[in-house]
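S.K.: My questions all concern the structure below.
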Amino acid sequence: MSGKIFLKSPGEVAKMQIAGGVAAEILMEIGAAIKPGITTKDVDVITREIFRNKKVGNAFYQYRGYPGQLCISVNDEVVHGIGCSRVINSGDIVSLDVGTIVDGWYGDNAMTIPVGDVDPETLKLLAATEESLFRAIDLVRPGAMLADVCAAVEAYVKPFGFGVVRDFVGHGIGRHLHEEPQIPNYRPSYKLPRLKKGMALAIEPMINAGKAQVKVLADGWTAVTADGKPSAHFEHTVIVTDDEPLIVTKRPRVALPEQLGIAPL
Ligand code: MF3
Ligand code: CO
């Protein structure tokens, strides 16, 4: 990170809409391929083929040596899971995280999907995490405090008793996957700026059913919950405009909070 927040011009925003739009398409195609019996390595191979067919650059593959085509994190895995021989079963939740590079511009998005019959408490975690992302996005306006956007995630999930992961954060995005500023999912102790038109933000709540603590496995990447309880992750790339936040990775929502007795936005 360089310490500087790069504002995107309208022409650059148009390019980010393309990178983000493709990232969303790819995420949905991968989601549609997830069925009980498939391995996470199968999903990695499918992802490689999708990127190849679309002739799009993969933002994650070999990023700081990351070996996967996507991050695929099952149940208690929080983020950065690597495709392997693990079989996905009914009752699992699977977090999928995909990043694109189009014409030098980056798009980044993630979602957690239920596979087959998932227990109601875990579905609630999923729905609440996705809703918390939209509560945060809704505050993305010029002049708003970024710290308030961050605080909105924690404020929404706290009443459920869920744990907000603190070891990983969202980020600015543009010509690089990770730019300034950092975007934690809680009000940070350090100062965050006011939002300005042209800022591009990857907002990504990572929420645990139990405690917030995570640990990284011996592979150096896979983060899991310390207490073994499930974790959910949703992410959108969002740009500050004159009025409404522009979600460049827009796609249909995974979870319907109303059906789970959670108040929608
Ligand atoms: N969406 C995550 C992030 O923004 C995943 C990137 S990790 C990588 O940090 F190593 F796979 F690139
Ligand atoms: Co990200």
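The values are calculated or read from the model by the stated rules, or taken from the named source; none is laboratory data. Here the structure is a predicted model, which is why all the values come from computation and not from measurement. Heads up, the Cβs are rebuilt from the backbone with ideal geometry, glycines too, and the neighbour counts pull from every protein chain shown.
S.K.: Filter region 232-249 down to the residues that are within 15 Å of ligand 2 (Cβ to nearest atom) and acidic (D, E) and list them by number.
M.R.: E235
S.K.: Could you please tell me which pairs satisfy a Cβ distance under 6 Å, a separation of 6+ or placement on different chains, a first residue in region 97-126 that is touching a residue at least 24 places away in the same chain (Cβ under 8 Å) and crowded, with 19+ Cβ neighbours inside 10 Å, and a second residue that is of a type in the set (S, T, Y) and assigned to a strand (DSSP E or B)?
M.R.: G107/T100; G107/T237; D108/T237; T112/S95; L126/T112
S.K.: Just to check your reading of the model, which residue among A255, A218, A202, A155 is modelled with pLDDT under 95 and either out of contact with any Phe, Trp or Tyr (no Cβ under 6 Å at 6 or more places or on another chain) or not hydroxyl-bearing (S, T, Y) (or both)?
M.R.: A255
S.K.: Output the residue which, of all residues in region 156-171 that are of a type in the set (F, W, Y) and in contact (Cβ under 8 Å) with a residue 40 or more places away in the chain, is nearest to ligand 2 (Cβ to nearest atom). Give the steps one after another, and end with the answer.
M.R.: So in region 156-171, the residues of a type in the set (F, W, Y) come out as 156, 160, 162, 168.
Filter again for in contact (Cβ under 8 Å) with a residue 40 or more places away in the chain, leaving 162, 168.
Numbers: F162: 20, F168: 9 Å.
If we take residues in region 156-171 being of a type in the set (F, W, Y) and in contact (Cβ under 8 Å) with a residue 40 or more places away in the chain, then F168 is nearest to ligand 2 (Cβ to nearest atom).
S.K.: If you don't mind, another one. With the requirement that a residue be part of a loop (DSSP other than H, G, I, E, B) and either within 11 Å of ligand 1 (Cβ to nearest atom) or of a type in the set (K, R) (or both), what does region 70-106 give you?
M.R.: First, pick out the residues of region 70-106 that are part of a loop (DSSP other than H, G, I, E, B): 70, 75-76, 80-86, 88-92, 103-104.
Once the filter is applied, which keeps residues that are part of a loop (DSSP other than H, G, I, E, B) and either within 11 Å of ligand 1 (Cβ to nearest atom) or of a type in the set (K, R) (or both), region 70-106 yields L70, H80, G81, I82, R86.
S.K.: Please work out which residue is farthest from ligand 1 (Cβ to nearest atom), limiting yourself to region 155-172 and to residues that are surrounded by fewer than 20 Cβ atoms within 10 Å (Cβ to Cβ) and in a helix (DSSP H, G or I).
M.R.: Filtering first and then ranking leaves P159.
S.K.: Here is a further query. Output the residue which, of all residues in region 58-88 that are within 16 Å of ligand 2 (Cβ to nearest atom) and hydroxyl-bearing (S, T, Y), is surrounded by the most Cβ atoms within 10 Å (Cβ to Cβ).
M.R.: S73
S.K.: Do we find a residue being assigned to a loop (DSSP other than H, G, I, E, B), of a type in the set (K, R) and away from ligand 2 (no atom under 15 Å from the Cβ) anywhere in region 119-139?
M.R.: no
S.K.: Under 7 Å between Cβ atoms, at least 6 apart or on separate chains: pull out the pairs that start in region 18-46 with a residue that is more than 19 Å from P114 (Cβ to Cβ) and among the small types (G, A, S) and end on any residue that is modelled with pLDDT of 95 or more and in a helix (DSSP H, G or I).
M.R.: none
S.K.: Any chance you could count how many residues in region 42-79 are in contact with a Ser or Thr (Cβ under 7 Å, 6 or more places away or on another chain), small (G, A, S) and within 21 Å of W105 (Cα to Cα)?
M.R.: Counting residues in region 42-79 that are in contact with a Ser or Thr (Cβ under 7 Å, 6 or more places away or on another chain), small (G, A, S) and within 21 Å of W105 (Cα to Cα) gives 2.
S.K.: OK, next. Please determine whether any residue of region 180-200 is of a type outside the set (A, V, I, L, M), within 12 Å of ligand 1 (Cβ to nearest atom) and not in a helix (DSSP H, G or I).
M.R.: Yes, region 180-200 contains at least one residue that is of a type outside the set (A, V, I, L, M), within 12 Å of ligand 1 (Cβ to nearest atom) and not in a helix (DSSP H, G or I).
Here is a yes/no grid of residues against (1) charged (D, E, K, R); (2) over 30 Å from P36 (Cβ atoms); (3) out of contact with any Lys or Arg (no Cβ under 7 Å at 6 or more places or on another chain):
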{"residue": "D117", "(1), (2), (3)": "yes, no, yes"}
{"residue": "E131", "(1), (2), (3)": "yes, no, yes"}
{"residue": "F134", "(1), (2), (3)": "no, no, yes"}
{"residue": "P142", "(1), (2), (3)": "no, yes, no"}
{"residue": "D167", "(1), (2), (3)": "yes, yes, yes"}
{"residue": "E179", "(1), (2), (3)": "yes, yes, yes"}
{"residue": "R194", "(1), (2), (3)": "yes, yes, yes"}
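S.K.: For region 208-231, what are the residues that are within 15 Å of ligand 2 (Cβ to nearest atom) and either touching a Ser or Thr at 6+ places or on another chain (Cβ under 7 Å) or not in a strand (DSSP E or B) (or both)?
M.R.: W221
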